[in-house]
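Got a structure here, written out as structure tokens. Questions coming.
The values are calculated or read from the model by the stated rules, or taken from the named source; none is laboratory data. Quick caveat, the model's predicted, so the values are computed rather than measured. All Cβ positions, even for glycine, are placed from backbone atoms using ideal geometry, and neighbour counts span all protein chains on display.
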Amino acid sequence: MEGPRPLHEHEMGDFVQFLSTQLRPQSGWSIAEEYPLAIHFSNLNNVRVIRETDGNFLSAAVMKPLIIKCPAGLFKAAAIGSVVTSPDHRNKGLSTKVLEACIEAGRDHGCDFAILWTNLYDFYRKIGFELGGVEVSLSIPENIQADPAGLRFMQSNRVDPEAILRLYSQHTTGSIRTGEDIRKFLQIPNSRVYTAWDAENKLQAYAVEGKGADLDGYIHEWGGGVSKLLPLLQFAVKSSKRPLHLISPSHAQNFIRQLKEAGATEHSGVLGMIKILNAPNFLLKIKKYARAMNAEDTVLEPRDGKYYLGYKSEIFSTDAEADLVRLIFGPLKASQLHPFDKETSETFEKIFPIPMWVWGWDSV
Ligand SMILES: CC(C)(COP(=O)(O)OP(=O)(O)OC[C@H]1O[C@@H](n2cnc3c(N)ncnc32)[C@H](O)[C@@H]1OP(=O)(O)O)[C@@H](O)C(=O)NCCC(=O)NCCS
């Protein structure tokens, strides 16, 4: 048995076959089509595998480094996915080893945190991940009312990636992408792209539903002005002839409010599972953000295996990194973490959760 180690170039075909057989036995496409940036020759160094010497793959996971901009600063994240062990070799610690190797690769890249999307909470908690980030899911009513405002609507994946990039770049938070990245994302199977165009044929809004085996019925990527997005959603619901949901970062408050006024119902959830990879560096960035938010006296210190969190002289200490995740990314409010005094709770609740978000195309 060898590994965990990165994937070799000549192994790509067998590797994709292994993942597709294990994770997508029913679908008519290869898993590499679903994750065109992560399962790609350019990302081989960030894949970790355990393989029988000259034999079958036994366990694997894929890591993709992302640079995420948000009002709290620039963060580097290690997005992890396609975690699998072949059924005959489960419960021997192989996935744990592969994930630890991915985390190490993330640290080597200087990532601030690792993030993954799963429902196996207990499995990932053992490796130090915690549910974090705030997600709002809205069910879009089938009879949503919106003024089409002279727009022309289309459902087609054949859209100029640069036009989408122009709107995507207006988001205050998300990964840094190129037009080429978006061109690849547009080809992901089982995905519907809705667009709204003005009289000059300029893209005004887009919304993407579905992504391979995931996010069916969920609009996980969208962009454009609220007045253009609402009629686009009306078109999407009518064309898909089934209920649709939209996933949004909680800080898109104007959009969420208008969707709710148009009859959408809101459910809150979490973005994913997060593990901080380099606490001193990460906390320094967060302190800088706190300073920019006029909370100069915020205390966020790692010391002697503990974390000291507070404001002025009101300090709480914890040895659980999970507390940092739940406070800084949400969904926990400071007052739910510890009975801080009023000033500290109010200060923390002004700063946290940080408005960080990862859009659906980046979920590995
Ligand atoms: C989940 C999976 C990757 C674990 O692989 P593995 O090599 O058996 O994992 P390890 O041996 O390192 O760890 C096993 C531990 O996880 C726990 N575990 C395994 N599957 C679990 C599950 N579905 N839910 C919760 N815990 C689980 C085991 O109880 C064991 O715990 P223990 O160490 O306390 O005994 C493997 O079961 C698998 O490939 N499943 C199908 C694909 C999948 O669901 N991938 C995850 C996508 S997010």
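Here are G272, G310: which of them is under 21 Å from A72 (Cα atoms) and touching a residue at least 60 places away in the same chain (Cβ under 8 Å)?
Sole residue among the options that is under 21 Å from A72 (Cα atoms) and touching a residue at least 60 places away in the same chain (Cβ under 8 Å): G272.
Determine if segment 287-309 includes at least one residue that is of a type outside the set (D, E, K, R), exposed (fewer than 14 other Cβ atoms within 10 Å of the Cβ), in a helix (DSSP H, G or I) and modelled with pLDDT of 95 or more.
yes
I'm told K275 meets every condition in (1) surrounded by fewer than 18 Cβ atoms within 10 Å (Cβ to Cβ); (2) outside the structural domain of N190 (by TED's automatic domain parsing) except one. Can you identify the failing condition by its number?
(1)
Then there is this: Go through segment 39-63 residue by residue and tally those that are in a strand (DSSP E or B), of a type outside the set (A, V, I, L, M, F, W, C) and farther than 10 Å from A101 by Cα.
So the count comes out to 2.
Given (1) surrounded by fewer than 19 Cβ atoms within 10 Å (Cβ to Cβ); (2) in contact with a Ser or Thr (Cβ under 6 Å, 6 or more places away or on another chain); (3) among the aliphatic types (A, V, I, L, M), where does V226 come up short, assuming only one miss?
Condition not satisfied by V226: (2).
Where the second residue is more than 7 Å from the ligand (Cβ to nearest atom) and of a type in the set (S, T, Y) and the first is within 13 Å of S59 (Cβ to Cβ) and lies in segment 77-90, which pairs have Cβ atoms under 8 Å and are six or more apart or on separate chains?
Going by the 8 Å Cβ cut-off, the qualifying pairs are S82/Y35.
Now, a different point. Taking K211 as meeting all but one of (1) surrounded by fewer than 18 Cβ atoms within 10 Å (Cβ to Cβ); (2) charged (D, E, K, R); (3) in contact with an Asp or Glu (Cβ under 8 Å, 6 or more places away or on another chain), write down the number of the exception.
It fails just one condition, (1).
From F185, F129, F123, F113, grab the single residue that is surrounded by fewer than 17 Cβ atoms within 10 Å (Cβ to Cβ), of a type in the set (F, W, Y) and within 23 Å of the chain's Cα centre (by Cα).
Residue meeting the stated conditions: F123.
Mind listing just one residue for me: the one in segment 194-206 that is surrounded by 16 or more Cβ atoms within 10 Å (Cβ to Cβ) and over 19 Å from the mean Cα position of the chain (by Cα) and, of those, nearest to Q155 (Cα to Cα)?
Filtering first and then ranking leaves Y194.
While we're looking at this one, here's another question. Give me the pairs: first residue in segment 174-198 and without any contact (Cβ under 8 Å) to a residue 60 or more places away in the chain and assigned by TED's automatic domain parsing to the domain that holds L233, second residue of a type in the set (D, E, K, R) and crowded, with 17+ Cβ neighbours inside 10 Å, beta-carbon distance under 6 Å, and six or more apart or on different chains, which are they?
Close Cβ pairs (under 6 Å, with a partner that is of a type in the set (D, E, K, R) and crowded, with 17+ Cβ neighbours inside 10 Å) amount to S191/K211; R192/E209; A196/K228.
For segment 67-177, give me every one of the helices (runs of 4 or more DSSP H) that falls completely inside it and has 1 or more residues that are more than 13 Å from the ligand (Cβ to nearest atom).
94-108, 161-168
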